[in-house]
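*Asks:* I have a structure I would like to understand better, so I am pasting it below and will then ask my questions one at a time.
Values in this text are rule-based calculations from the coordinates and carry no lab data. Being a predicted model, the structure only gives us computed values, none of them experimental. Here Cβ is always computed from backbone atoms with ideal geometry, including for glycine, and neighbour counts include all displayed protein chains.
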């Protein structure tokens, strides 16, 4: 009887902790230092938001908004999947941008869920993107822009992958259809090696390609931290159906490139997280 009571208590506590973790915002803090970063960008704060999937943290996302304002970033970079691929027109994400009230410059790339909406419901997609643009969001799908501080700049690139690259990479390699540097160059051009270049790319699995292309830093999401995280093993599940993804969340060094993978804010196909709280990412860059 005592063993059953103990197991029941443990089960209830586990479920309670899981529920609380799924609604509690966390902030991961990382630092990037490079001699290519101008002194004008000392202590420049980048807030990365990713994979909201129309989740809400407080009514109208007021808790998320409050945390953003408290962090007071210099720029907000959004790495995709802020909506869901079906039955979603952005009506839960757009108000967050409205409530930011133009306080921060916001740059955005699409994730695979936006791409699915684009393919299967183009009217909803076009309306969604148009609303973001009217709110002052800079859409960087295969585009680049300079971020300026006192006449100095770093360059921000946005890569919009095609849906085929969200399939299992081993299968793509076997079929000779893996992402290449040449494909990346054809879509977004080649970076200036004398300038600090940040690449926004939703899926981190191609980090080796991004590094070879010439990115100094890459910001990604997509993996949701592996959904379920185990001590000493990390994230368990990958969206492409594989287990224990190499880049689940955190900061990694790939060649000369710094890769930062957000654990994401919301949930997708699997509607919960275990030992994996929703996450915002704050990055401080310095020369």
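*Asks:* Filter the range 149-206 down to residues that are touching a residue at least 40 places away in the same chain (Cβ under 8 Å), farther than 23 Å from residue 49 by Cα and touching a helix residue (DSSP H, G or I) at 6+ places or on another chain (Cβ under 6 Å), then give me how many there are.
*Replies:* Going through the range 149-206 one residue at a time, the tally reaches 3.
*Asks:* Let me ask something additional. Looking only at the range 122-129, decide whether some residue is without any contact (Cβ under 8 Å) to a residue 24 or more places away in the chain, over 19 Å from residue 158 (Cα atoms) and surrounded by fewer than 17 Cβ atoms within 10 Å (Cβ to Cβ).
*Replies:* Scanning the range 122-129 turns up at least one residue that is without any contact (Cβ under 8 Å) to a residue 24 or more places away in the chain, over 19 Å from residue 158 (Cα atoms) and surrounded by fewer than 17 Cβ atoms within 10 Å (Cβ to Cβ).
*Asks:* Shifting gears a bit: Tell me which of these residue 133 doesn't satisfy, since it passes every other one: (1) touching a residue at least 12 places away in the same chain (Cβ under 8 Å); (2) surrounded by fewer than 19 Cβ atoms within 10 Å (Cβ to Cβ); (3) in a helix (DSSP H, G or I); (4) touching a strand residue (DSSP E or B) at 6+ places or on another chain (Cβ under 8 Å).
*Replies:* (1)
*Asks:* Taking the residues in the range 164-190 that are assigned to a loop (DSSP other than H, G, I, E, B) and within 23 Å of the chain's Cα centre (by Cα) as candidates, determine which candidate is surrounded by the fewest Cβ atoms within 10 Å (Cβ to Cβ).
*Replies:* Among them, the one singled out is 190.
*Asks:* Kindly indicate the residue of the range 237-261 that is in a loop (DSSP other than H, G, I, E, B) and within 18 Å of the chain's Cα centre (by Cα) and also farthest from residue 26 (Cα to Cα) among those meeting that condition.
*Replies:* 240
*Asks:* Within the range 244-252, identify whether any single residue is touching a helix residue (DSSP H, G or I) at 6+ places or on another chain (Cβ under 9 Å), buried (at least 23 other Cβ atoms within 10 Å of the Cβ) and in contact (Cβ under 8 Å) with a residue 60 or more places away in the chain, and answer yes or no.
*Replies:* For the range 244-252, residues touching a helix residue (DSSP H, G or I) at 6+ places or on another chain (Cβ under 9 Å), buried (at least 23 other Cβ atoms within 10 Å of the Cβ) and in contact (Cβ under 8 Å) with a residue 60 or more places away in the chain: present.
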